[in-house]
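Step one of this worksheet: look at the structure below.
Just so it is clear, none of the values below were taken in a lab; they were calculated from the coordinates. Owing to the predicted nature of the structure, the values given are computational and were not obtained by experimental measurement. For neighbour counting, all protein chains shown are included, and Cβ atoms are generated from backbone atoms with ideal geometry for every residue, glycine included.
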Amino acid sequence: MRPSGVVAVLNEIIINRRRHIVELGSGISSIYLGRLLRQHGGQLWTVEHDDRWAATVERQLADESLDDVVTVVRAPLAPMESPWPDEQNAWYETDAIRRRLAGQPIDLLVIDGPPASDAARQHSRYPAVPFFAPLLADDHTIILDDIDRPGEQEIMKRWEQDLNITFERQILAGGIGIGRSRPSFTV
């Protein structure tokens, strides 16, 4: 996620008081989110498919004493049927995610994984909203990274129809799309 995209996520936490957050794709953003949640309260579950990268993130979280605020959920990629004809994608193993979530309604869903940079996997992030929709709080925000790519643009349009929401497209300011269940104050 680009730095301006991370800033948008941090703003969402502060301004709209998001406290139960799921992030798909771990990284430096997980550290920044953990630091902010340490100060303001809340929990982050960051889902990662790569064991080696998950271990690296876990070590950094432990070094900063953030491992009680941020939980790394190791979920290998598994084949997932795609709503796009003739396309097979892989998405996170859903049982691994269900086992680790604490039952709190999710008020912020940040989607920066699984990898979707090549044409064969361009819709691999689509299953995020169908999977998490029943777990979302009434007042929630969904942030999708990399919306400058055709796959993410198609995914966002489909989610707008599925959820009856509109995504604000911030192509130049982070390359993210932000969809909210309710109008809210933004910066």
**OP:** Sort out for me the Cα centre separation of region 84-109 from region 46-64, rounded to whole Å.
**Re:** 18 Å
**OP:** Pairs of Cα atoms under 8 Å, at least six residues apart: use those to get the relative contact order of the chain, whole percent.
**Re:** 22 percent
**OP:** May I ask for the net charge around Gly177, where only other residues with Cβ less than 15 Å from the Cβ of Gly177 are counted and Lys, Arg are +1 while Asp, Glu are -1?
**Re:** -3
Original post:
Counting DSSP beta bridges in region 6-150, what percent are antiparallel, to the nearest 5?
Top reply: 20 percent
Original post:
Could you give the dipole magnitude of the chain about its Cα centre, charging the beta-carbon of Lys and Arg +1 and that of Asp and Glu -1, in debye to the nearest 20?
Top reply: 480 debye
Subject >> region 109-165 shape via C-alpha gyration tensor axes, a/c threshold 1.5 >> reply: prolate
Original post:
How about region 85-187: which chymotrypsin sites (Phe, Trp or Tyr not before Pro) there lie in a loop by DSSP and see at most 12 other Cβ atoms within 10 Å?
Top reply: Phe185
Subject >> Highest to lowest packing among 63-73, 103-113, scored as the average C-beta count within 10 Å >> reply: 103-113, 63-73
Original post:
What is the local net charge at Ala55, summed over the other residues whose Cβ is closer than 15 Å to its Cβ (Lys, Arg +1; Asp, Glu -1)?
Top reply: -3
Original post:
Add -39500 (n - 2.57) for each DSSP H run of 4 or more in the chain, then divide by its residues: what number comes out at 222 nm, to the nearest 500 deg cm²/dmol?
Top reply: -10500 deg cm²/dmol
Original post:
Over what distance in Å are the Cα centres of region 1-37 and region 125-167 separated?
Top reply: 17 Å
Original post:
Considering the values [x] 107; [y] 131; [z] 117, which represents volume of the Cα convex hull per residue in Å³ as calculated for the structure under consideration?
Top reply: [x]
Original post:
Which residues' amide hydrogens lie under 5 Å from the amide hydrogen of Tyr92, considering only partners 5 or more residues apart or on another chain, with H built in the peptide plane?
Top reply: Ala78
Original post:
Classify region 87-187: rounded, prolate or oblate, from the alpha-carbon gyration tensor (a ≥ b ≥ c, eigenvalue square roots; a/c under 1.5 rounded; otherwise prolate if a/b is larger than b/c)?
Top reply: oblate
Original post:
Around Arg74, with a cut-off of 15 angstrom between Cβ atoms, what is the net charge of the other residues, counting Lys and Arg +1 and Asp and Glu -1?
Top reply: -3
